[in-house]
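To start, the structure itself, in structure tokens.
The values are calculated or read from the model by the stated rules, or taken from the named source; none is laboratory data. This one's a predicted model, so the numbers in the text were calculated from it and none came from an experiment. Cβ atoms come from the backbone with ideal geometry, glycine included; neighbour counts cover every protein chain shown. What goes into the accessible areas is simple: the full protein's heavy atoms, side chains included, and nothing from ligands, DNA or RNA. Shrake-Rupley method; radii C 1.70, N 1.55, O 1.52, S 1.80 Å.
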Amino acid sequence: MEFRQVEYFLAVVENDGINGAAAELGVAQPTVSQALRSLERELGVQLFHRIGRGMVLTAAGKALIGPSRQILRDVNAVEELLTVSTTEVTGRLDLMVFPALATGPIVDLVSEFRRLHPKVTARLGDLRAEEFTASVIHDGYCEFVVTHLPVEDEVGLEIIELGQTEYWLAYPPGTDLPPGPLSLAELPDIPMVFVPRGGGSVSDAIDYAMRQAEVRRPISVLTDHREARLPMVLAGLGGSFVERSLAESAQDVAVVRPCEPTFAQSYGLVFDPASLSKAGRAFVDFVRSSEESGAEEQLRTER
């Protein structure tokens, strides 16, 4: 196996096909195709299903993504040691972010970090299932994950808390609601889209609060896919508790209200300190210093 083949394989994955990979790499499309077929022959497995002009990863292809990204980071780390001055930070940050958190502080942190270290590039991928946070890090899919806390199987990982996500109520267009925050007792008598009990600390807290207040609403959909709640609300399936950022982004097409009591869940940056690249270590130092500066500023404001 050649490093070039691994690089081309990842380029195809990240650019959704050979055309995009060739454009990013600055090579001809046949060159990418030939490299992929050579890699498949050497590994003895098919990495992609060729469907028309499209390409879909096989199970073997999906399994190769994590190790390939780790190889890429390791090679970049060696190049940094040999060619880059001790003060200059280069390389790439690999982050996977839960979609509801992708518009939060992490974007500002990455932006400011790149301003300080312009030779660093960043890749932000989607973390579709938060229960896989530990595995995507240990398997080499990424260096960092931004996810809600707590994290399952966090042994060997470190966490920097970045903030809290507040949950608001969202209802289908045209729902008649009073202005201002909505208490649990004021919930309209229409079905709800819920995440099952055990689906997270906030989901459990909401379920407990509604049972304590003896508020019962029919359930229209029970879904493990938290990102599906807002589309279901907009489709008229019922109301739901969604992240504030999502609710505010949808307030022109849905009826959204803050909730009383307030439900919130912490989120943070998760990583394995033993496997960080030079860029990764610099990013951790930067995030920690930013959080400390923010805490000090808040203390000065409170005084």
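Selection of the range 30-54 for residues being open to solvent by less than 50 Å² (accessible area, probe 1.4 Å) and not in a helix (DSSP H, G or I) yields Leu47, Phe48, Gly54. Of the residues making up the range 139-167, those that are open to solvent by 30 Å² or more (accessible area, probe 1.4 Å) and of a type outside the set (Ser, Thr, Tyr) number 12. Checking every residue in the range 187-210 against the condition of being at pLDDT 90 or above, surrounded by fewer than 18 Cβ atoms within 10 Å (Cβ to Cβ), of a type in the set (A, V, I, L, M) and more than 28 Å from Asp126 (Cα to Cα) gives at least one match.
From the list Arg216, Arg257, exactly one residue is more than 24 Å from Gly104 (Cα to Cα), open to solvent by 30 Å² or more (accessible area, probe 1.4 Å), of a type in the set (Lys, Arg) and outside the structural domain of Leu127 (by the TED database). Which is it? The conditions single out Arg216. On the stretch given as the range 222-268, residues that are assigned to a strand (DSSP E or B) and of a type in the set (D, E, K, R) total 3. Just one of the listed residues (Val146, Val136) is in the same structural domain as Thr103 (by the TED database), over 20 Å from Ser240 (Cβ atoms) and in contact with a Phe, Trp or Tyr (Cβ under 8 Å, 6 or more places away or on another chain), and it is Val146. Would you be able to say whether some residue in the range 157-171 is under 30 Å from Val6 (Cα atoms) and part of a loop (DSSP other than H, G, I, E, B)? Yes, the range 157-171 contains at least one residue that is under 30 Å from Val6 (Cα atoms) and part of a loop (DSSP other than H, G, I, E, B).
The residues of the range 1-24 that are touching a helix residue (DSSP H, G or I) at 6+ places or on another chain (Cβ under 7 Å) and open to solvent by less than 50 Å² (accessible area, probe 1.4 Å), listed by number, are Gln5, Val6, Tyr8, Phe9, Leu10, Ala11, Val12, Val13, Asn15, Ile18, Ala21, Ala22.
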